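Asks: One structure coming up, written as structure tokens, with questions to follow.
The values are calculated or read from the model by the stated rules, or taken from the named source; none is laboratory data. All figures in this text were calculated on a predicted structure; none of them were measured in a lab. Cβ placement follows ideal geometry from the backbone for every residue including glycine, while neighbour counts extend to all protein chains displayed.
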Amino acid sequence: MAPPAQIPSLDIDPFDDAFLAAPYTFHGALRDAGPVIWLKPINCFAMARYAEVSASLKDWQTFVSGRGVGMTDFATDTPWRPPSLLLETDPPVHDRTRGLMNKVASLSSLKTAMPQWCAKAEILVDRLLGQRVDGVRDLGEQFPLSVFPDLIGIREEGREHLIPYGTTAFNGFGPRNRLFEEAIANAAAASAAVMESCRRENLAPNGWGMKVYEAADRGDCTPEEAERLVRSFLTAGLDTTVNGIGNMLHAFAQHPDQWAKLRADPSLAKKAFEESLRWDGTVQTFFRTTSRNVPLPDGHIPAGSKVILFLASANRDPRQWERSEEFDISRSSSGHVGFGFGIHQCLGQMVARMEAEALLKAMIPRVREIRLVGKPVRRLNNTLHALASLPLQLLAD
Ligand code: OVM
């Protein structure tokens with residue numbers, strides 16, 4: 001497929017290993033090439049500047065989600081799993097499902113849970129203090145696994161499939177590269193286990209999962225839709241926060257001055273997590289599909305085109321942010337698109353924030369230094385900026 005003549009064409013593959021391992025080293029070239037570009041290796045339009053990424057996320061009528069938010073166009077190719085009723089739908093269906101899920105994922109239930117989460121974080125940090133730990137396994141995975149499945153109310157059996165299932169789903173947004181094919185080829189066991197966890201009879205009475213079925217009882221959705229909506233919690237809720245916490249710890253390990261700043265003023269904890277999402281967010285990209293021709297100053301994007309939006313590049317666009325490449329927890333990172341923007345903006349963002357806050361609150365008084373004691377190892381994923389391991393030592397106060 002040839003790009004429209006007027007649109008700058010680049011020979012960069014955002015899904016090859018070099019890019020996925022070090023996306024930030026490529027973003028400048030994507031942004032500087034133009035507001036809308038063509039990526040030849042994947043035959044796709046792209047936006048990498050803040051202005052265009054945020055405008056496209058906002059314009060859900062033109063940049064639709066119902067044809068999938070990965071490279072696969074659901075209008076022409078079969079999705080690897082039944083589509084999400086939240087992420088991969090447009091209004092009016094999306095308004096209904098999102099409306100009921102907003103009520104389930106209530107701030108008040110999170111506030112009720114927060115004291116327990118803080119207590120769990122304190123016990124975990126006390127246990128790891130002074131030792132060599134893996135920031136990904138021992139904190140990034142341990143902490144969300146200790147709170148999130150209970151919040152949803154899923155049974156113990158099958159929990160080990162949650163992170164692999166999320167990983168698969170995020171690889172599934174990419175093109176049919178090695179990561180995509182391997183993920184899908186090995187997805188059967190995790191998919192079956194996760195779908196089993198979503199069944200009404202397997203959910204605890206007071207969790208968010210059961211609350212979705214209670215919404216179905218009130219007629220807000222069908223029982224079949226309820227099952228698929230619970231799947232959304234389990235798909236999106238774990239590998240994201242695992243790596244959100246991992247990337248935040250990595251950011252602090254690389255910036256001891258910022259950790260010292262946070263310890264001097266613990267009230268910066270919330271801002272610190274936002275800045276870590278701006279500086280090194282978990283979800284790097286999402287696609288949209290154009291529902292109509294999108295006029296450009298010179299030419300247009302044809303209707304029915306996939307467009308890849310580089311969220312993490314928008315978050316470091318110097319056209320938007322002063323000292324955009326600097327990790328600075330006292331700056332205002334508000335407006336970052338690490339949770340997306342517009343009608344699809346992350347449903348679980350308050351879960352992520354409260355997990356991060358509970359962990360930071362436990363670490364601030366206890367951990368003098370987050371010391372990197374080995375080379376972090378990347379875990380390549382088509383959508384997530386993820387670590388396989390993060391060798392740390394948490395030096396006690
Ligand atoms: C979903 C979903 C929502 C957001 C992210 C995501 C795998 C999935 O509704 O299934 O990533």
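Asks: Within the stretch 196-223, work out how many residues are over 20 Å from Gly158 (Cα atoms) and among the charged types (D, E, K, R).
Replies: So the count comes out to 5.
Asks: Which of (1) part of a loop (DSSP other than H, G, I, E, B); (2) more than 20 Å from the chain's Cα centre (by Cα); (3) within 16 Å of the ligand (Cβ to nearest atom) does Glu224 not meet, given it meets every other one?
Replies: Going through (1) part of a loop (DSSP other than H, G, I, E, B); (2) more than 20 Å from the chain's Cα centre (by Cα); (3) within 16 Å of the ligand (Cβ to nearest atom) one by one, Glu224 breaks only (1).
Asks: Can I ask one more? Please go through the stretch 328-340 and pick out each residue that is more than 12 Å from the chain's Cα centre (by Cα) and either modelled with pLDDT under 95 or on the phi > 0 side of the Ramachandran plot (or both).
Replies: Answer for the stretch 328-340, where residues must be more than 12 Å from the chain's Cα centre (by Cα) and either modelled with pLDDT under 95 or on the phi > 0 side of the Ramachandran plot (or both): just Gly335.
Asks: Now, a different point. Provide a single number: the residues in the stretch 352-378 that are in contact (Cβ under 8 Å) with a residue 60 or more places away in the chain and within 25 Å of Phe286 (Cα to Cα).
Replies: 6
Asks: Among the strands (runs of 3 or more DSSP E) confined wholly to the stretch 278-397, which include 2 or more residues that are among the polar types (S, T, N, Q) and closer than 20 Å to Leu30 by Cβ?
Replies: By residue number, 285-290.
Asks: While we're on this one: Across the stretch 121-149, what is the total count of residues that are part of a helix (DSSP H, G or I) and either polar (S, T, N, Q) or surrounded by fewer than 18 Cβ atoms within 10 Å (Cβ to Cβ) (or both)? Working first, answer last.
Replies: Looking only at the stretch 121-149, we keep the residues that are part of a helix (DSSP H, G or I), and these are 121-128, 135-149.
Keeping just the survivors that are either polar (S, T, N, Q) or surrounded by fewer than 18 Cβ atoms within 10 Å (Cβ to Cβ) (or both) gives 122-123, 126-127, 137, 142, 145-146.
Count: 8.
Asks: Okay, moving on. Among the listed residues Ala51, Ala75, identify the single one that is at pLDDT 95 or above, of a type outside the set (Phe, Trp, Tyr), loosely packed, with under 14 Cβ neighbours inside 10 Å and over 22 Å from the mean Cα position of the chain (by Cα).
Replies: Being at pLDDT 95 or above, of a type outside the set (Phe, Trp, Tyr), loosely packed, with under 14 Cβ neighbours inside 10 Å and over 22 Å from the mean Cα position of the chain (by Cα) holds for just one of Ala51, Ala75, which is Ala75.
Asks: Can you pull out every residue in the stretch 154-183 that is crowded, with 19+ Cβ neighbours inside 10 Å and within 26 Å of Ser106 (Cα to Cα)?
Replies: Ile154, Gly158, His161, Leu162, Tyr165, Gly166, Thr167, Ala169, Phe170
Asks: A further question follows. Which of the helices (runs of 4 or more DSSP H) found entirely inside the stretch 1-99 contain at least 1 residues meeting this: within 30 Å of Arg228 (Cα to Cα), touching a helix residue (DSSP H, G or I) at 6+ places or on another chain (Cβ under 7 Å) and touching a residue at least 40 places away in the same chain (Cβ under 8 Å)? Give the steps one after another, and end with the answer.
Replies: Working: elements: 17-21, 24-33, 50-58.
Per the criteria, 50-58.
Asks: Any residue at all in the stretch 174-186 that is in a helix (DSSP H, G or I), more than 29 Å from Asp13 (Cβ to Cβ), more than 17 Å from the chain's Cα centre (by Cα) and within 16 Å of the ligand (Cβ to nearest atom)?
Replies: First, pick out the residues of the stretch 174-186 that are in a helix (DSSP H, G or I): 178-185.
Okay, now just the ones that are also more than 29 Å from Asp13 (Cβ to Cβ), so none.
No, the stretch 174-186 contains no residue that is in a helix (DSSP H, G or I), more than 29 Å from Asp13 (Cβ to Cβ), more than 17 Å from the chain's Cα centre (by Cα) and within 16 Å of the ligand (Cβ to nearest atom).
Asks: Let me ask something else. In the stretch 11-36, which residues are of a type in the set (A, V, I, L, M) and under 19 Å from Val294 (Cβ atoms)? Walk me through it before giving the result.
Replies: Narrowing the stretch 11-36 to residues of a type in the set (A, V, I, L, M): 12, 18, 20-22, 29-30, 33, 36.
Hits for the stretch 11-36 are Leu30, Ala33, Val36.
Asks: Something else now. If we scan the stretch 328-337, do we find a residue that is within 16 Å of the ligand (Cβ to nearest atom) and in contact (Cβ under 8 Å) with a residue 40 or more places away in the chain? Before the answer, list the steps.
Replies: Of the stretch 328-337, the ones within 16 Å of the ligand (Cβ to nearest atom) are 337.
Filter again for in contact (Cβ under 8 Å) with a residue 40 or more places away in the chain, leaving 337.
The answer is yes, given that some residue of the stretch 328-337 is within 16 Å of the ligand (Cβ to nearest atom) and in contact (Cβ under 8 Å) with a residue 40 or more places away in the chain.
Asks: Does the stretch 288-301 hold any residues that are touching a residue at least 24 places away in the same chain (Cβ under 8 Å), surrounded by fewer than 24 Cβ atoms within 10 Å (Cβ to Cβ) and closer than 19 Å to Gly34 by Cα, and which are they?
Replies: Thr290, Val294, Leu296, Asp298, Gly299, His300, Ile301
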